[in-house]
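Reviewing the structure listed below.
The values are calculated or read from the model by the stated rules, or taken from the named source; none is laboratory data. Not measured: the values here are computed from a predicted model. Note: ideal-geometry Cβ built from the backbone for every residue, glycine included; neighbour counts use all protein chains shown.
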């Protein structure tokens, strides 16, 4: 699809198009189109010419996507005590398909000093409806809220302690309230993972406990060293999740054209306060893995990746590239080349 755009842009990008000057009202449109295709030409030229030597160009390897941002964590200072031994993140606006970047991520090797360096936090956020202020607030406040809610509540709760589902539900509810003033008609999905290194004993060596909580359709999978993978999240889309569609109707809302109230493609999110009475809630789906062995891989990504790649394809691709520090960039590149037209963000963590 991108290739056909590049081959068909000659009349638009060339100077003195036949419509230019005839209708002045079209001039701004023509100028904007010319700028878009010029940017696309540069992107495609970079794709063709800037691959690293010896790497295939069909999987995103060896080049920087337009508008992309990378982060790889492998320093001893940050990971010495963390359960995460390698962290790779990459996101791209996916020009020219998207004019705004509304994906974001959080990674903290140690979520709070009081929870020790054995507890790490990973999150992917995906905004909608012009949610930049809300995303900024969530980036700043959500780790603090989660850390505060988890004080005295370890990932594997003991008798008499608040359940992990309740802890995460309270954290999401607090975050939802904090962004209420700026999220009447916009919001964001959030997938949060908390990884805690377990204390070693003769029955449990070098393993982690894992908590995953999500609202929306950003997805996370866990890949075992054997290659078997498990989905950690639930997609909250009324088009693919019948239980969510039924819940929306029971709450007094309706699903029109696959969207809650005919507006929102997801049935759970942070924000979107204008649709709370229509069934949009911030209560997350929560899953807990008590024993995650060393060498397992966590992959969490926004729907821009999952819309074009299924769980099996992502697991297979990440296993193939896990020894490369730009594995997340390659995964995002693979999604873009597979036809994604959305912002794309992915994080890969090796435990």
(Q) modelled with pLDDT under 95 and surrounded by fewer than 20 Cβ atoms within 10 Å (Cβ to Cβ): is that true of residue 276 in this structure? (A) no
Q. Given the structure, is residue 312 surrounded by fewer than 24 Cβ atoms within 10 Å (Cβ to Cβ) and modelled with pLDDT of 95 or more?
A. yes
Q. Can you name the number of the only condition in (1) surrounded by fewer than 23 Cβ atoms within 10 Å (Cβ to Cβ); (2) at pLDDT below 90; (3) on the phi < 0 side of the Ramachandran plot that residue 164 fails?
A. (2)
Q. On the given criteria, is residue 246 modelled with pLDDT of 95 or more and buried (at least 20 other Cβ atoms within 10 Å of the Cβ)?
A. no
